[in-house]
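Before any comments, here is the structure.
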Amino acid sequence: MLRKDHCESGLSGDTLLLWTLPGSLMHGRRPMLRSLCGLMGGPTKAGIARVHPRICVIGAGFGGFYTALSLLESRLPPLSRPDITLLDRNNRFVFLPMLYETLNGDVDEWEIAPKVEDLLDLPRRHVRFQQAEVDGLDLSGKNVHVLTRETSTGVIRQQSIPYDKLVIALGSVPILDLVPGAMEHAFPFATLDHAKRLKNELDRIKRSRTRGISVVVVGGGYSGVEVACAVAEKLSSQAKVTILSRGQVLESSTPHNRETGIEALKKLDVDMREGLTVSRVESQAVECFTIQGNAHEKISANLIVWTAGIAQNPLLSKLGLPLLDNGRLKVTDSLQVVDYPDIYALGDCAGYKDNRGFEAASTAQQAMQQANAVSNSLQAEILGGRPRPYRYQHLGEMLVLGRSNASVDGLGGVRLQGIEALVARRAAYLARMPTPRHRVKVAARWATQPVETIWGEDVFSL
């Protein structure tokens, strides 16, 4: 006979108890017992003690959204399927690596920023999305406190969302307040709203046909280079684009991508200024000094775009969870928050270090791999198993360098540039788009677009 405490969860209302089982199932057959407990919804010793365990996911970016999607697509037994609540202050999932293509109109908003409700095909069993602002956590009572705004009245209400397992996937935020004037005069580029605002300004300049426009892009990393190429190509002879970099332009990229990126900037006549730190931003100028601090310079600018630096989401410091010195959450090798095994953290907010001691990069591929790992660990816990260590596999780097140019440095030594890299990049991102239905819609859209609007007129010379 099976004692009821083998599968009893201890939670009222949702607990299924196994009182009796044939003796043949009990003798030396713990895996079978574990499976049966999972099928009935009750856990084993290491599992989640609930039928339809409640999993709350904070953040609908790459980390959070793909965690929820992976759980929804899992093949858990019916009674073990979790009830998922996905929270985000915005109602769109933004495919950030393709944000640059919006500046030239190469992609539409719905393609790279679909509504979360549409992707999840809501209403749907076992998942709900709530557009809300997280206000804090009740760690002992396992509740997430959120603020919601009523559409009709504008009244802000507070509510609590209970959870059995919590996934925190808060992305980073751009840093503008450390440099005087940056917040008032610069155009940041990190979100869909930022991209729309910058595109509107570029469209205005282009319509005005004004020449001699000076554009300064602050930041010489991937984002800065991709923005600089898009702006230089869009405004063409109307503007002179300058990119300011504290170190070398594309300093942290692979040699192939750096060489290709530098070549693209030169071809577009972008002025590269290296070894400069911005000290002040004015309405029509940027003040900077050399790293050595022995020279100051003021660079005139009609338009200033800010891509330099990110910081942790300020909400992290209000959650009452252990933090590293850099503001990220302390996590184990299975991405569980230290001292809080029921809470996972991933993406930009997780202080994960690989086996070489290097901190995880803030990239989409890192967040997607972590999302898959967290989902697998949660499924294992639901079935009575234990979380699994996360191991990152670098799959290469890609960057877009205008409408007809890109660079790919991929897994296995695959290196491409130009049209071939652009096609490969599009294909890779199409494969990573969320949900099969959205991938089909985007693929159909790209297939029916005039080829030259995607890859430029040079495609016909291949």
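The values are calculated or read from the model by the stated rules, or taken from the named source; none is laboratory data. Since the structure is predicted, the reported quantities are computational estimates derived from the model, not experimental observations. A quick note on method: Cβ atoms are made from the backbone with ideal geometry, for glycine too, and the neighbour counts reach across all protein chains shown. All accessible areas refer to the heavy atoms of the entire protein, side chains included, with ligands and DNA or RNA removed. Shrake-Rupley method; radii C 1.70, N 1.55, O 1.52, S 1.80 Å.
Provide the FRET efficiency to the nearest 0.05 for the Lys267-Arg89 pair, computing r from the beta carbons and using R0 = 30 Å.
Numbers: r = 40 Å, r/R0 = 1.32.
With a Förster radius of 30 Å, E is 0.15.
Only helices enter the 222 nm calculation for the chain: every DSSP H run of n ≥ 4 contributes -39,500 (n - 2.57), and dividing by all residues gives -8500 deg cm²/dmol, rounded to 500.
Which residues make up the longest stretch of the chain clear of trypsin sites (Lys or Arg not before Pro) that lie in a DSSP loop with no more than 15 other Cβ atoms within 10 Å, not counting the sites? Result for the longest clean stretch: 212-355.
Under the simplified labelling scheme, the Ala311-Ala444 pair shows an inter-label distance of 4.5 nm, with each label point 7 Å from Cα along Cα→Cβ. At 1.4 Å probe size, with the rest of the protein present, what percent of the exposed accessible area of segment 99-212 is carbon and sulfur atoms? Ligands and nucleic acids excluded, carbon and sulfur give 47 percent.
Modelled spin labels at Glu274 and Val414, positioned 7 Å past Cα toward Cβ, are 3.0 nm from each other.
When only the Cβ of Lys, Arg, Asp and Glu is charged (+1, +1, -1, -1), the dipole of segment 195-338 relative to its Cα centre reaches about 660 debye. Let me know the whole percent of all Cα-Cα pairs from segment 148-289 that are separated by more than 23 Å. Beyond 23 Å sits 47 percent of the P(r) for segment 148-289. The GluC sites (Glu not before Pro) found in segment 110-156 that occupy coil by DSSP, while having at most 11 further C-beta atoms within 10 Å, are Glu150. For the chain, the longest principal axis of the C-alpha atoms and the axis of helix 62-72 are separated by about 30°.
What angle do you read, to the nearest 10 degrees and between 0 and 90, between the alpha-carbon axis of helix 436-448 and the longest principal axis of the chain? For 436-448 against the chain, the angle is about 20 degrees. Please go through segment 315-415 and write out the chymotrypsin sites (Phe, Trp or Tyr not before Pro) that DSSP classes as loop and that have at most 10 other C-beta atoms within 10 Å. Filter output for segment 315-415: Phe358. Between the helical axis of 419-432 and the longest alpha-carbon principal axis of the chain there is an angle of about 30 degrees. Kirkwood analysis of the Cα pair distances in segment 312-462 returns a hydrodynamic radius of 18.1 Å.
Where [x] 0.94; [y] 1.10; [z] 1.03 are the candidate values, the label of the one calculated here for Rg/Rh (Cα atoms, Kirkwood Rh) is [z].
Rounded to the nearest 20, the Cβ-based charge dipole of the chain about its Cα centre (Lys and Arg +1, Asp and Glu -1) stands at 1200 debye. Simple spin-label estimate for Ser283 and Asp121 gives 5.3 nm between the two label positions (7 Å along the Cα-to-Cβ direction from each Cα).
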